[in-house]
1. Would you mind finding the one in T85, T31 that is β-branched (V, I, T) and either assigned to a strand (DSSP E or B) or under 16 Å from G115 (Cβ atoms) (or both)?
2. Looking only at residues in segment 315-334 that are at positive phi and touching a residue at least 24 places away in the same chain (Cβ under 8 Å), which one is surrounded by the most Cβ atoms within 10 Å (Cβ to Cβ)?
3. With the requirement that a residue be within 8 Å of the ligand (Cβ to nearest atom) and touching a Ser or Thr at 6+ places or on another chain (Cβ under 9 Å), what does segment 19-42 give you?
4. Keeping to segment 55-82, report how many residues are over 21 Å from A114 (Cβ atoms) and near the ligand (Cβ under 9 Å from one of its atoms).
5. Residues of segment 98-148 being free of Cβ contacts under 8 Å to residues at least 40 places away in the same chain and within 30 Å of Q11 (Cα to Cα), which ones?
6. Restricting to segment 204-260, name every residue that is surrounded by fewer than 16 Cβ atoms within 10 Å (Cβ to Cβ), assigned to a helix (DSSP H, G or I) and within 26 Å of the chain's Cα centre (by Cα).
7. Looking at A336, is it closer than 22 Å to G24 by Cα, within 12 Å of the ligand (Cβ to nearest atom) and of a type in the set (A, V, I, L, M)?
Amino acid sequence: MSTETSSARHQVVVIGSGFGGLFGTKALRRTDVDVTMVAKTTHHLFQPLLYQVATGILSEGEIAPPTREVLSSQKNVQVLLGEVTGIDLQKRVVTSHVLGREHVHPYDSLIVAAGAGQSYFGNDQFAEYAPGMKSIDDALELRGRIFGAFEMAELGAKRGDNVDHLLTFVVVGAGPTGVEMAGQIAELAHRTLKRDFRAINTRTARVVLLDAAPQVLPPFGAKLGDWTARELEKLGVEVQLGAMVTDVDERGLEVKYKDGRVERLNTVTKIWAAGVQASSLGQTLAEQTGAPLDRAGRIGVNPDLTLPGHPEVFVVGDMIALDNLPGVAQVAIQGAKYAAKEIDNRLKGKPAQAPFRYFDKGSMAIISRFRAVAMVGRLRLTGVTAWLMWLAVHLVYITGFKNRVTAVLHWFVSFLGRGRSERTTTEQQIFARAALSRLRGGATDLVSAPGAYDTARQVLDESRRHELEVQALEEARLTDSGARGVKHPASS
Ligand SMILES: Cc1cc2nc3c(=O)[nH]c(=O)nc-3n(C[C@H](O)[C@H](O)[C@H](O)COP(=O)(O)OP(=O)(O)OC[C@H]3O[C@@H](n4cnc5c(N)ncnc54)[C@H](O)[C@@H]3O)c2cc1C
């Protein structure tokens, strides 16, 4: 275990390097504090573009720059890798782990921005066959599975097999992510890949978008939802509403429709884009404060985003349940900036701010190239105008100038041409998650325990030195005695 030494300066610990974590940390750049950012990945992830990584438009680096690089010029920040496993509100310490090693970070103020993961509504076993869309690992695995399914179909068709299950792609969840994924897979099948295969016609691929809800994109309202469903159907996507997934296995899924029908869809490629579950750190905080948790595991916070009884702890972004705020990037960004400002005010002896108020800058979802929907205030936009707006907004928010430049180049390739610059997939991308989850302790099982590592290193140093000395002396003796290369008569 290692404990960070505390200094006289006010210590702020930030958990998470997503929208909340990054923007909160940046907002503290001029405040007289030391900031320690602890996050379980070394990158800042721009989740809204994950589907473009999964479908070969962008590379993972373009949407996930190293947090350390992004913050390199901010001198009051130290970026540390670690999965936070404990927060002790009484002792004011955060505990994190990396490959079995424990690290402890004391704080005076804490910003918790650990976000949310995928929810399988109590059926976590579905995850084995239907990956979600929350991380770079997810996107690369899906890329491997999607392009891999076409490869397997080509092989099967060459042998004369039925390959319908390989050419059927099912996306579960008709929110923005599901719509974007379904639209992109349809574009892949109908445009990008249509000339690349010999035994299959990729244009016959079946893309199904399922949702238990009665409409597509519920947060966008009925009108935009209906427009989106029609546009998806024009693209060749089958939209099935009132369709609840009741079981998932390697070869397909079972769907129960509103009228009571139960059907099985045979498909090897299933994508889970339904439901979110807030970080389990919410539960840790709720147990210590009595703050309520909603069904998605989001924690109820005070109007100033602090925890009941703990004004030094702020929770922001996807983890909070406050005034029905949506789980979108702007809620996390604005909340984190608010928390940073509050810390700054307190240190300067200024009065507290008014309660946190979210300013809704609008929402948008892309359906395919040149088709999107957008809501800005009372304005409702569809088609090319919304698509251009989407393009401009995402370009502004992608982190880093070089990423913006390369993203634009890749968009040219995919939207004006019919290519995809990032179609590389590997076997590991598809199978590594399942392999790691079968190890009892995941990746930790693959490395020696921290103590063993230290001992092994010392033993190795001394024994290896002795071995090298003996070897060198023997080499020299052989040369000096002229014995090298001379055959001993007994061995002939
Ligand atoms: C596929 C997808 C598409 C989306 N599209 C849009 C969109 O178009 N527009 C929009 O506004 N919003 C969109 N969102 C939602 C938006 O990305 C989130 O609302 C936003 O990321 C929330 O920010 P956050 O800081 O709360 O969490 P996140 O950005 O998820 O960050 C959480 C951070 O915490 C870290 N973390 C988690 N647990 C731990 C732990 N135990 N220890 C250490 N670190 C931890 C994670 O690694 C990550 O760095 C999308 C989300 C997804 C998944």
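1. T85
2. So, considering only residues that are at positive phi and touching a residue at least 24 places away in the same chain (Cβ under 8 Å), the one surrounded by the most Cβ atoms within 10 Å (Cβ to Cβ) is G317.
3. Of everything in segment 19-42, those that are within 8 Å of the ligand (Cβ to nearest atom) and touching a Ser or Thr at 6+ places or on another chain (Cβ under 9 Å) turn out to be G21, L22, V38, A39, K40, T41.
4. The total comes to 0.
5. Result: V98, single match.
6. Listed by number, the residues that qualify are P218, P219.
7. In short, yes.
Residues checked against (1) in contact with a Gly (Cβ under 6 Å, 6 or more places away or on another chain); (2) aromatic (F, W, Y); (3) farther than 30 Å from W227 by Cβ; (4) crowded, with 21+ Cβ neighbours inside 10 Å:
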| position | (1), (2), (3), (4) |
| --- | --- |
| I146 | no, no, no, yes |
| M152 | no, no, yes, no |
| D161 | no, no, yes, no |
| H165 | no, no, yes, no |
| F169 | no, yes, no, yes |
| T177 | no, no, no, yes |
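The values are calculated or read from the model by the stated rules, or taken from the named source; none is laboratory data. No experiment lies behind these values; they were computed from the predicted model shown. Reconstructed Cβ throughout: ideal geometry from the backbone, glycine too, with neighbour counts over all protein chains shown.
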